[in-house]
1. Less than 25 Å apart at the alpha-carbon level, and either on another chain or at least 8 residues along: which lysines does that give for D:K61?
2. Compute the label-point distances linking B:Q141 to its equivalents in the other copies; points lie 7 Å from Cα along Cα→Cβ; give nm, one decimal, shortest first.
3. Just which residue of chain D brings its Cβ nearest the axis of rotation onto chain A, and by how many angstrom, rounded whole?
4. For the range D:55-70 and the range B:60-78, compute the distance between their C-alpha centroids and round to whole Å.
5. Net charge near C:E240: determine it from the other residues with C-beta under 11 Å of the C-beta of C:E240, scoring Lys and Arg +1 and Asp and Glu -1.
6. Can you tell me how the protein assembly as shown classifies by the Cα gyration tensor, rounded, prolate or oblate, using a/c under 1.5 as the rounded cut?
7. Hey, what angle do you get for helix C:57-69 against the long axis of chain C, alpha-carbon based, 0 to 90 degrees rounded to 10?
8. Shortest first and in nm with one decimal, please list how far the A:G271 label point sits from its counterparts in the other copies (point 7 Å along Cα→Cβ).
There are 4 protein chains.
Amino acid sequence: MGISLGANQYGKAETHVVRITRDGSHHEIRDLTVSIALRGDFAAAHLEGDQANVLPTDTQKNVVFAFAREPGVGATEVFALDLARHFADICGPVEVARVTVHETAWGRITVDGAPHDHAFVRTGHETRTAAVTVQGRGADQRAWVVSGIQDLVVLKSTGSEFRGFLADRYTTLADTDDRVLATSLVIDWRHASATVDDADPGAWDDRFTRVRERLLARFAAVHSLALQQTLWEMGKGVLETEPALDEVRLKAPNLHHFLVDLQPFGLANPGEVFFAADRPYGLIQANVVRDDAADPGLAWPDDAVR
Amino acid sequence: MGISLGANQYGKAETHVVRITRDGSHHEIRDLTVSIALRGDFAAAHLEGDQANVLPTDTQKNVVFAFAREPGVGATEVFALDLARHFADICGPVEVARVTVHETAWGRITVDGAPHDHAFVRTGHETRTAAVTVQGRGADQRAWVVSGIQDLVVLKSTGSEFRGFLADRYTTLADTDDRVLATSLVIDWRHASATVDDADPGAWDDRFTRVRERLLARFAAVHSLALQQTLWEMGKGVLETEPALDEVRLKAPNLHHFLVDLQPFGLANPGEVFFAADRPYGLIQANVVRDDAADPGLAWPDDAVR
Amino acid sequence: MGISLGANQYGKAETHVVRITRDGSHHEIRDLTVSIALRGDFAAAHLEGDQANVLPTDTQKNVVFAFAREPGVGATEVFALDLARHFADICGPVEVARVTVHETAWGRITVDGAPHDHAFVRTGHETRTAAVTVQGRGADQRAWVVSGIQDLVVLKSTGSEFRGFLADRYTTLADTDDRVLATSLVIDWRHASATVDDADPGAWDDRFTRVRERLLARFAAVHSLALQQTLWEMGKGVLETEPALDEVRLKAPNLHHFLVDLQPFGLANPGEVFFAADRPYGLIQANVVRDDAADPGLAWPDDAVR
Amino acid sequence: MGISLGANQYGKAETHVVRITRDGSHHEIRDLTVSIALRGDFAAAHLEGDQANVLPTDTQKNVVFAFAREPGVGATEVFALDLARHFADICGPVEVARVTVHETAWGRITVDGAPHDHAFVRTGHETRTAAVTVQGRGADQRAWVVSGIQDLVVLKSTGSEFRGFLADRYTTLADTDDRVLATSLVIDWRHASATVDDADPGAWDDRFTRVRERLLARFAAVHSLALQQTLWEMGKGVLETEPALDEVRLKAPNLHHFLVDLQPFGLANPGEVFFAADRPYGLIQANVVRDDAADPGLAWPDDAVR
């Protein structure tokens, strides 16, 4: 009876790089935290401690900084592609390189009514993400791109029901036709292709902006019968307007807002005062897929070593 | 040789209340996390376990919810004042009531170019705060109001020097005349009076907005010779334009951005690629005070039981 | 061109239940945070907002509390099995029920040299985990059990090398034959069967204790040539001594401890003073599997909706 | 009307240093996170951006590492004293130096029944702390030492009442004579003198161990009528057995454990199943002082710039 090495991967996680692009005193800023994972022929490192095939994570970190200089950071997805292709191309033992980026948004500070050239303030509560997987090298190389958003916190103060559900001996919840619906969304969308129109340097950023706006608009406009239905409508809404996307995955904690019983104090509470609870919370996950979607391949994290 | 009870306080911390104000389908939302601390004649509770003077923290939580309904939540500072005065007024053993509020900002979601009536998204990275202290009751009652902001993260990509500093045998840092200056600000400002013009229901909110904008504008505009100087100029800038404020306290971690040495890879790095470090970090704190400021009294947290 | 619902699941997450078992004044305590995820026939809830098949997450929470009373909490794995089987058994639309538990350890406080009957203190930095998946009902029902440990932080101050690695133009790291090796382990082990000897109520707990000790002993005893090799030896070591386990999955951030250069201050640093860095960090993941392991089935989280 | 600089301080925060002491293959480890704050003549840095008086925080970090090598790290309090005295002694503008240390505890891994020479595992949930303040230099130099513990989580499953409290129109809580009492303690104790018997290198560590055990034993043994009373008895208990201590300050969130109502499911719940809530929580703070205590001087954080 033997024992064997199964799936494995390694890489440098959370290299936090800030790239300033200078045009005189007018600066652009991009703030990325980059994680790299390499899969391939690393059995000797595990079984014998032989590092001959192991590109150190320290070197991977160096590449992040060097690439931030040259070729530089355009769209987040392109930077992730550049990095993943590099490791797949030049590192013999690597079969699959996966690069995940979390981007922090900065806005310009306003001074005397005008946006400042080189002073910035963190804007937004959410984080933009990108995850790129590259497999193989040369003519056989394949690439998958997933973009996403984390911690997008939204709330509807009405327009949300929850009723007609399955009840059993453990059910105490009552039907409601008007509740607060709040969640902190983690959403990822898979692009049908790893390339966009090269003529437009802002194409990836524009697509991100459109998807974000569409998600928010659907959340707002859909009369919710359940968080499940809201997620479905949000994902479907994006695929309907973004032909270059093949799939949307949504993960949504139900941030319960409980109507407070004020009767002991002689007060009515017509949907006005809520206790925002921390835990427990419902957690709803749903994937929405185009019927003729491309094979997802390695686009999503490998469960075995995610 | 005896042993005595010293300073003490107690109260309910972090009651998270969300208040919806409905005008048909057009809703306003206010999202507050409220902490209460009471000081007074509570020796018996400690020394003998006698609760006769102790208003339970559970009751305090109830008051937060009841007051959110009636009188309701206008400006954050007013809600805190209402709560603190209540405990000082009605609870005999209470000598000082202190109420601290953290407010989460929500913006309206845009649908078809228009702000939605009742769908919201978390905006901004920072938290608005208010801390109110009320002492005594009746004609002798006094009140102090401090407003503030937390986690206001800002960055200047140039316009910041650090040189000419004290050096000794442990100094390895070199002078620089161009660095990235970034910090996550915690700033509190003390109002000269606990009241504003009652004719204007938005006066507290307007003042908050003005102070925030002034702080950001000064951060951006001041050519920084040190974070100390930037803080001083920010605080002074606020006091110059806000006559109703007496003091500004600023606390600023220096979020170091180190220029990466790319020479080993044959690349120059003319202020473009930075490693954003986590720890350690410089921590700078400075108070800026108007010369004829009112006595701060109990405005600030009591160090003995903060 | 159509759009379809893909993989989905939902459930109540992080219900924090504390179970006291009383034998006079001698109490036992078990402190569990329970998350439930159900998969099955929930398309109508998404596509039409029809909740007829949806057992509310509120009801799931109620079941956690009710089951903590009856049948009660024995071993963590058994409690998770009881819950998962319940949802698979009684809820028609459910095809797969997955229950994850995080357990906080409490030790007895010592008073006058003896362990106290009902006073406890949190011990240990790590968290014990269990994840149970149950599929189907009746005679066809299958169950998988994974146990684990999180945040097990370990450090070797010597006995760790890293050299002979792949180098390229981006490599600046030097070989070392003596470094600090530190990590915060997340380790899961899959049991070959969902049942243990029923005659021994402590069998699951005993197995957990043995695996934890074996993992630590291997970490300590193995002369490390790389973190990869250490993980492999830890996983292999467990499978060698625990015939009832089929697989071990290890995830280990390399918590870098950098030797500080004290030469500018005229001091040598012979492996004594280290800077413990936060980010970035290497992240190593490896699975170790018995060659004749049972089919893992649904033991591990489904990547599509993890 | 002028505007002036008020209280201010600066320093390097959270330098994370790990010190290995080697005796052949037998190693000792000390894991400290050190924060420094300097007060003094720093007005020019603020008002004019003149750094001539400013010892950079980078230099302060260097001193932490250099001192970890020489004189090395014995007791946490002594290391903090060494650092604080250094800055007060050698840095002209410094009037007060304050050094705060958080210490992470490591235990030895057991291999074949014996503690390993140089392999360690994080033990305990809590953090040991020390805060030292040094004022002046030469013969006039004064020093204060405060030791402490953070995140010491304790729970009593019985032996805790809460009744007879003040009730008003907002009170809904019922009296109870048997509840779960749980808290996560932050406790600091002030030493009467900054020195201990130099003949005993372990004197500070021994004192820490005794205080921790005494605190836990009092928490366990006192029949609690309120958390206030428990805190008082814990603080008093320490001062009674530790003549070298002058004051104990305790801060305790009341981690509410609510008895779950299982009647809807036909189950009694005789003090067995509890929901452990997150927020809101009661927060109780109490100081216990010896009547003939030495003047606390600058022992405690300065409220103005804490």
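1. Reachable lysines: A:K61, B:K156, B:K251, C:K156, D:K12.
2. 5.2, 6.2, 7.2
3. Its Cβ sits closest to the axis: D:D278, 2.
4. For the range D:55-70 versus the range B:60-78, the Cα centre distance is 49 Å.
5. So the surrounding residues net to +2.
6. Rounded is the answer for the protein assembly as shown, as its axis ratio a/c remains below 1.5.
7. 80 degrees
8. Here A:G271 shows inter-copy label distances of 4.5, 5.5, 7.0 nm.
Any read-out appearing in this document is the output of simple, stated calculations on the displayed coordinates, not a laboratory observation. Just so we're clear, the structure is a prediction, and the values are computed from it rather than from any experiment. Cβ atoms come from the backbone with ideal geometry, glycine included; neighbour counts cover every protein chain shown.
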